[in-house]
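Participant: My questions all concern the structure below.
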Amino acid sequence: MYTETGGPDVLKLVERTDPKPGPDEVVVRVAVSGVNPTDWKARAGDGPGQPLAFPEVVPNMDGAGTIVAVGADVDPGRVGERVWLWEAARHRANGTAQELVALPASHAVALPDSASFDLGASIGIPALTAHRCLTVGVDGPAALGPGALDGRMVLVAGGAGAVGHAAIELAVWSDAMVIASVSSPEKAALAEAAGAHHVVNYRQPGAAQAVRAAAPDGVDVIVEVAPATNAALDQEIIARNGTVAIYASESDDLTIAVDPAMTTNTRFQIVLVYTVPAAAKEQAIHDVQDAVAAGVLRVGAEAGLPLHRFPLERTADAHAAVEANAVGKVLIDIG
């Protein structure tokens with residue numbers, strides 16, 4: 001937990017009283033906690049030494065574990081259920097980097113026995129973000145699943161990252177043709193393992209031509225992590241009426257060439273998973289749950305998403321690893 005903003009060193013391991021569930025809450029014994037960029041950014045704030053919204057905060061939005069207690073308004077049959085957790089620390093003092101966490105029952109989603117806690121802790125922010133990026137420009141119901149993106153060309157920038165990995169798997173599951181752009185042969189191997197049909201190194205000459213060779217009519221959806229760096233490439237490869245879904249940025253300085261974008265009727269959509277419309281979030285949770293049950297979402301280097309593990313007492317090191325842009329998914333073993 002931490003009591004003020006700052007670097008990883010503000011995180012301290014302490015003993016806390018076991019939580020009790022509110023009427024609409026469950027208590028989950030956390031097995032694995034997942035770390036995302038927003039976790040360390042929330043901890044860092046706008047600078048060190050700033051006050052928090054709560055006297056003390058336990059970090060991390062994502063995790064997985066087993067329900068051990070339920071509130072009065074929750075089905076008691078859920079006790080013993082394996083679950084994955086999403087937005088545990090959103091406007092709350094208690095995230096998943098602890099042995100027991102109480103949170104709204106709706107934020108604990110059933111995890112099938114076939115799925116590991118490692119996978120459950122890797123789903124939340126990455127998969128829900130990927131879902132929104134893939135569906136925000138789709139006509140009709142914004143759902144994913146077999147046939148949902150049939151005939152569409154999708155390019156995933158940064159295909160070796162956690163969001164990119166989920167986007168590749170969900171897009172392939174939905175029958176899109178998927179191209180991943182990467183910066184190295186090692187990351188190309190990870191994107192291929194995730195299921196990308198084509199992989200392009202954006203740092204090499206002729207990247208746009210390579211994308212166009214795979215997508216002669218252009219790309220319908222670009223899942224974008226570096227919009228400033230990739231602005232010229234995106235402009236060259238976007239199809240008419242295509243969407244550039246931006247979920248992260250390496251710079252606040254992004255210039256869009258209006259005339260080319262107007263000619264192609266390009267939609268630029270900024271995506272922040274926490275504030276997407278409630279109906280879209282509900283659909284994403286439903287579809288991601290189906291994808292997990294179908295074995296679509298995977299973790300591990302052989303699946304294109306390497307795992308970096310830390311014990312609970314090294315939560316600060318886990319945060320530092322994410323802040324240093326570790327390739328893959330950073331997990332904290334709780335129990």
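Participant: Kindly write out, for region 69-77 in residue order, the coupling ³J(HN,Hα) from the Karplus curve 6.51 cos²θ - 1.76 cosθ + 1.60 (θ = phi - 60°), rounded to whole Hz, with x marking Gly and Pro.
Facilitator: Taking θ as phi minus 60°, the curve returns 7, 9, x, 4, 9, 10, 4, x, x Hz for region 69-77.
Participant: Which of the peptides 95-102, 308-315 is most tightly packed, and how do the rest follow, going by the mean number of other Cβ atoms within 10 Å of each residue?
Facilitator: Averaged packing, sorted descending, gives the order 95-102, 308-315.
Participant: Give the long-range amide H neighbours of Ala228: residues separated by 5 or more places, or on another chain, with amide H under 5 Å away, using H modelled in the peptide plane at 1.01 Å from N.
Facilitator: Here Glu250, Ser251 satisfy the definition.
Participant: Counting each DSSP H run of 4 or more residues in the chain as -39500 (n - 2.57), what helix-only mean residue ellipticity at 222 nm follows after dividing by all residues, to the nearest 500 deg cm²/dmol?
Facilitator: Computed mean residue ellipticity for the chain: -8500 deg cm²/dmol.
Participant: What shape does region 25-103 have by the C-alpha gyration tensor, where a ≥ b ≥ c are the square roots of the eigenvalues, rounded means a/c under 1.5, and otherwise prolate means a/b greater than b/c and oblate the rest?
Facilitator: Prolate is the answer for region 25-103, as a/c is 1.5 or above and a/b outweighs b/c.
Participant: Hey, another quick one. Would you list the membrane-span-like helices of the chain, meaning whole DSSP H runs whose alpha-carbon atoms span at least 24 Å along their axis and whose mean Kyte-Doolittle value is at least 0.5?
Facilitator: Helix filter hits for the chain: 117-135.
Participant: Further, regarding this structure: About the Cα centre of the chain, what is the dipole size in debye to 20, counting +1 per Lys and Arg Cβ and -1 per Asp and Glu Cβ, all else neutral?
Facilitator: 120
Participant: Expressed as a rounded percentage, what relative contact order does the chain have, with Cα pairs under 8 Å and six or more residues apart?
Facilitator: That works out to 19 percent.
Participant: Roughly speaking, to the nearest percent, how much of region 1-88's 1.4 Å accessible area is carbon and sulfur?
Facilitator: Whole-percent figure for carbon plus sulfur exposure: 54.
Participant: Turning to a different aspect of this structure: Given a 1.4 angstrom probe, what's the average accessible area per residue across the chain, in square angstrom?
Facilitator: Counting only protein heavy atoms, the per-residue value for the chain is 43 Å².
Participant: Can you count the Lys pairs in the chain whose Cα atoms are under 23 Å apart, with each pair 8 or more apart or on different chains?
Facilitator: Number of lysine pairs found: 7.
Participant: So, one more: If ligands, DNA and RNA are left out, what is the accessible area of Met262 with a 1.4 Å probe, given in Å² to the nearest 10?
Facilitator: Using a 1.4 Å probe on the heavy atoms, I get roughly 140 Å².
Participant: Which far-off residues, 5 or more places away or on another chain, put their amide H under 5 Å from the one on Gly242, with H placed in the peptide plane?
Facilitator: Here the answer is Arg267, since their amide H atoms fall under 5 Å of that of Gly242.
The values are calculated or read from the model by the stated rules, or taken from the named source; none is laboratory data. Owing to the predicted nature of the structure, the values given are computational and were not obtained by experimental measurement. Neighbour counts run over all protein chains shown; Cβ positions are idealised from the backbone, glycine included. In case anyone asks, the SASA skips ligands and DNA or RNA and just uses the protein heavy atoms, side chains included. Shrake-Rupley method; radii C 1.70, N 1.55, O 1.52, S 1.80 Å.
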